[in-house]
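Notes follow once the structure below has been shown.
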Amino acid sequence: MAEALRRVLDAGSAARPEGDGASGPPLLLLGAPRSAQTSLLFAAALEAAGEGRGPVLFLTRRPLQSLPLNTPAAREPWRLQIRFQYPSSVPELLQLLASAHEAPGPAPSLLLLDGLEDYLAEDSGTQEAAYLAALLLDTVAYFSHHHGASGSCGLVVALETQKEADSDVPHLTLLQRYFPAQCWLQPDALGLGQQYCLRASLASGPLSPRMEWSVTFLPSGEMKITPWPTQASKPCSDRKGSSARSQSLTLACDNLSGPQCPLDRTLTSGTGAESKT
């Protein structure tokens, strides 16, 4: 997985791991519609940009309508290291990836693709899906080569699906071969009052143990991430002191219409243009 996303989720842990420049295996971020995939991708982008190892490339089909701009991280100068590009079709996306080596400036430290299902719906052949996945991996391998000993480039791709092992998602089994690390976002009923809760389950490989977190959207639009209470490896009730239970990541999302609407591909029209936050 891209370590930036793991560090976002681990913000609720008492002992947060330090980054060592390694990006980890490519990660597939899976969840139902409105499961806050875009919010987590943007939080990972801020995390990676703050490390100062290179810009972050954020690809999505259409421009975001709103961004979580109220966080201290989003007001830091290094947020300008996040580069948004909007390939509006499969050919545009393939052309962008194939020509990435021609872009001036330092190599990105993280590549994010939001809304893979939109591209798969446009060109749903198995061969085309495999080619796109392979080109994504080749692109981050090229970026990693340019980082050299200083680190590598991570890759996180978001794909909407209703549940784990959803047979209705085109080519999910194929994509899982290219993305050994996966993070599932599932609606959860533990929310109180107006809160909207998700359960994030992350595994870095087919045989790796899962780590789990609770992602809660408050009525104010804040996103709080804490360790899942029943996580077998580190139960919250077994941790010493109250700080382990109270630490969390808080990410304020602007322009939310209510707790049921986390920032998740709330989009305006737009094509192919590039912008920076």
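The values are calculated or read from the model by the stated rules, or taken from the named source; none is laboratory data. What you see is a predicted model; the values in this text were computed from it and never measured. So basically every Cβ, Gly included, is an ideal-geometry build from the backbone, and we count neighbours across all protein chains shown. Note: areas computed on protein heavy atoms with side chains; ligands, DNA, RNA excluded. Shrake-Rupley method; radii C 1.70, N 1.55, O 1.52, S 1.80 Å.
Here are the numbers for this structure:
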{"item": "Rough spin-label spacing in nm, given labels placed 7 Å along Cα→Cβ, for Asp123 and Gln195", "result": "4.4"}
{"item": "Modelled FRET efficiency - R0 22 Å, Gln95 with Ser66, Cβ distances, 0.05 increments", "result": "0.20"}
{"item": "Paramagnetic label zone (point 7 Å from Cα along Cα-to-C-beta, Ser208; backbone N under 15 Å) in the stretch 25-66", "result": "25-30"}
{"item": "Accessible area in the full protein assembly, largest first, 1.4 Å probe, for Arg199, Arg6", "result": "Arg199, Arg6"}
{"item": "Protein-only accessible surface order, largest first, of Glu102, Glu47 at 1.4 Å", "result": "Glu102, Glu47"}
